[in-house]
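The values are calculated or read from the model by the stated rules, or taken from the named source; none is laboratory data. Everything quoted here is computed from the prediction, not taken from an experiment. Because the Cβ atoms are built from the backbone with ideal geometry, glycine has one as well, and the counts that use them run over all protein chains shown. Just the protein is used for accessible areas: all its heavy atoms, side chains included, with ligands, DNA and RNA removed. Shrake-Rupley method; radii C 1.70, N 1.55, O 1.52, S 1.80 Å.
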Amino acid sequence: MKKIFTLIAVALCAMSVSAQTEWNFSDWTPVTISETTTINGLTVYAESAASIAIDASKKTIDGAVYTQRLKFGGTGAFDESGISPTSRVLEFNVPGDCAIYIAYAHASSSGDDRILNVCAGTEDNVVGTCTATPGATSSNTINYKGDATKIYVYSKNSGINIYDIKYMTSTGIDKVTTGNVDANAPLFSTAGTQVNDSYKGIVIQNNKKFIKK
């Protein structure tokens, strides 16, 4: 009975998670973006002198195979107010509290680490950072807490390649509890399907979300 209760609770938890929003750049048409463009809810700020490219680049990150990247090509820029992006910045809206996952890589095999900033509302309101190491692929999940806002993603210092961005709201997750924590509890995908230990990505166990690598 205890096991059944846990299964039902976790399934209800999965159903309480709102639909995940994702921008996987392997699905985009290869292009050089030289003016501000919005595609599927993601605004790409670019100029002719500071363009952003979608081109071929095969990488495996967290078990997912990507065939294309979004190539920043340089540092992001805002106007003097720090509110309006001008070039090499990505923008999307979130409805409130959410987890933001980014798969990325340094644009070079040598040199210093490069920093990807994730900001809410303004350039200065940094809610999380991602460190890109030369020659390596990486991922990070940043938890945003707050009201509905615009999220900005940009490189703080030179080129970084982005392979995937997705966010998932957490509304309702903490409202379902089992009253116990079991390290051997079953794993579920965000769609509510039970998965095995080899599954890679966002999973739910004991009513908690985490990235399984």
(request) Lys and Arg at +1, Asp and Glu at -1: add these up for the other residues within a Cβ distance under 11 Å of residue 99 and post the number. (result) +2
(request) Calculate, for the range 20-68, the solvent-accessible area per residue in square angstrom, rolling a 1.4 angstrom probe over the heavy atoms of the protein chains. (result) 53 Å²
(message) Nothing charged except the Cβ atoms of Lys and Arg (+1) and of Asp and Glu (-1): what's the magnitude of the dipole of the range 21-80 about its Cα centre? Round to the nearest 20 debye.
(response) 360 debye
(request) Enumerate the whole-percent occupancy of each 5 Å bin, from 0 to the last occupied one, for all C-alpha pair distances of the range 53-144. (result) 3, 12, 20, 23, 22, 14, 5, 1, 0
(request) Please give the peptides 63-71, 100-108, 86-94 ranked by average Cβ packing (other Cβ atoms within 10 Å per residue), highest first, as a rough proxy for protection. (result) 100-108, 86-94, 63-71
(request) Over the range 61-156, with every protein chain in place, what whole percent of the accessible area is carbon and sulfur at 1.4 Å, could you tell me? (result) 41 percent
